[in-house]
């Protein structure tokens, strides 16, 4: 089998043209159109990553605030059920879990180097 000769007689390999077959129809694109499409694709990727660069620190901040809010919620529930030791014990476990998640998330965000200024490392006991 001569691989080099396989495409020598094909019209889709004409010099200066790029042919695209879609749904049985042939579409011929010249090089400036292909460059324009590639430029638009690259610009779309750039815009997408620029947006992510803005969103990621905010999402890190929201994650941290979510964990802190859960600690406050469970603290309020614990204080509401002081007469029931089983409930208090469970709430204490939840408080410790959310505090640990908050601590680990903040530590990971700081190590990643994409730390939002609003977040500070919580006290870890």
Query raised in the report: residue 61: at pLDDT below 90 and either farther than 26 Å from residue 111 by Cα or part of a helix (DSSP H, G or I) (or both), yes or no?
Result: yes
**Report entry** Within the range 69-99, considering residues that are under 27 Å from the mean Cα position of the chain (by Cα) and exposed (fewer than 15 other Cβ atoms within 10 Å of the Cβ), the one nearest to residue 53 (Cα to Cα)
**Finding:** 69
Report task. Look through the range 100-115, keep the residues that are surrounded by fewer than 16 Cβ atoms within 10 Å (Cβ to Cβ) and assigned to a loop (DSSP other than H, G, I, E, B), and return whichever of them is modelled with the highest pLDDT. Result -> 113
Report summary line: Per the filter on the range 79-96, residues in contact (Cβ under 8 Å) with a residue 12 or more places away in the chain and in contact with a helix residue (DSSP H, G or I) (Cβ under 6 Å, 6 or more places away or on another chain) are 91, 94, 95
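The values are calculated or read from the model by the stated rules, or taken from the named source; none is laboratory data. From a predicted model like this one, the values you see are computed outputs, not experimental measurements. So basically every Cβ, Gly included, is an ideal-geometry build from the backbone, and we count neighbours across all protein chains shown.
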